[in-house]
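Below is one structure, written out as structure tokens; the observations come after it.
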Amino acid sequence: MRNPFLAIARTGTQTLMELFPDLPAEATGLPTVTATPCSGCGRCAANCPTQAISLREDAQGRVVELDRGLCIGCQRCIQYCPAGTLAEDRSTRTAVRTRAGLRLSNRPGTVIGTAPVSPIFRRSLHVREVATGDNASDLEVIAGTNAQFDVARFGIHFVASPRFADALLVTGPVARGMREALLRCYDAMAEPRLVIAVGACAISGGLFRGGYTEANGVPDSLPIAAYIPGDPPHPWSIIHGLLLAMGREE
């Protein structure tokens, strides 16, 4: 039988000790809104496949608003923006506690609310993943458990049953056929309990939003403790979201 420890030692693979580094060169980041004035061409909004960008006018000029809950990270908006108002964000600290926190704007001083965090999960968290149709996000969640990212070192462990779980980690757009299964998993959990939405599909439905299958993300009836944008999110972003829900990150 192959010895996993020897395999890691021989290949030089080791746990990454620097937490939440910027994305590597081969990865692409989510767009962000900069302070650079908008040219007003409207090409970013016109070419966004999920309508994540909206433009409006106020007394100070053109307002650009980006909803990362809808964004799939295709970067078409960055490619079509001649002014540089939209740029790539290389950070892996992208998770937020509220849906409002995913809405970015080029107007400074926007107040973003924060959800209360219970200290009970600060030391450990048992997670049950509910996959509803986003294999890419599922693979990134699995990557978070490997020897490099090692999510278990933070006291985070995945369990097979919702009865033993503190949190539901939801991936995929939660179409009509999966909604009851998700709600039953949530009902089977003991209080207190958390829900974490991973990826644009789980947050809003992504490209599937508004379709006949009613795949619009996690139902509003479930209280979400952390939103992790991306399609799919990087493993560091997923770990950041988990720690955020535990109250160990800001």
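A few remarks follow.
- Exactly one residue out of Gly241, Gly206, Gly230, Gly210 is in the same structural domain as Asp166 (by TED's automatic domain parsing) and free of Cβ contacts under 8 Å to residues at least 40 places away in the same chain, and it is Gly210.
- Residues located in the stretch 97-119, provided they are at pLDDT 90 or above and touching a Pro at 6+ places or on another chain (Cβ under 8 Å): Leu102
- The number of residues in the stretch 213-229 that are farther than 16 Å from Ala100 by Cα and surrounded by 22 or more Cβ atoms within 10 Å (Cβ to Cβ) comes to 1.
- Enumeration of residues in the stretch 171-194 that are under 16 Å from Met246 (Cα atoms) and touching a helix residue (DSSP H, G or I) at 6+ places or on another chain (Cβ under 8 Å): Pro192, Arg193, Leu194
- Boolean, Cys185 is touching a Lys or Arg at 6+ places or on another chain (Cβ under 7 Å) and touching a residue at least 40 places away in the same chain (Cβ under 8 Å): yes
- Ala46 surrounded by 17 or more Cβ atoms within 10 Å (Cβ to Cβ) and either free of Cβ contacts under 8 Å to residues at least 40 places away in the same chain or assigned by TED's automatic domain parsing to the domain that holds Gly241 (or both): no
- Scan of the stretch 62-98 for residues that are of a type in the set (Val, Ile, Thr) and in contact with a Ser or Thr (Cβ under 8 Å, 6 or more places away or on another chain), ordered by number: Val63, Val64, Ile72, Thr85, Thr92, Thr94, Thr98
- Residue list for the stretch 74-98, filter: of a type in the set (S, T, N, Q), without any contact (Cβ under 8 Å) to a residue 60 or more places away in the chain and surrounded by 15 or more Cβ atoms within 10 Å (Cβ to Cβ): Gln75, Thr85
- Cross-chain or 6+ apart pairs with Cβ under 6 Å, the stretch 126-137 first and closer than 22 Å to Ala188 by Cβ, then crowded, with 18+ Cβ neighbours inside 10 Å and among the acidic types (Asp, Glu): His126/Asp166; Ala131/Asp138
Rundown of residues vs (1) within 20 Å of Ser204 (Cα to Cα); (2) outside any loop (DSSP other than H, G, I, E, B), yes/no style:
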| position | (1), (2) |
| --- | --- |
| Ala35 | no, no |
| Cys41 | no, no |
| Pro49 | yes, no |
| Gly69 | yes, no |
| Gly73 | yes, no |
| Gln79 | no, yes |
| Glu88 | no, yes |
| Arg93 | yes, no |
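The values are calculated or read from the model by the stated rules, or taken from the named source; none is laboratory data. Keep in mind that this is a model prediction, so the values were computed, not measured. A quick note on method: Cβ atoms are made from the backbone with ideal geometry, for glycine too, and the neighbour counts reach across all protein chains shown.
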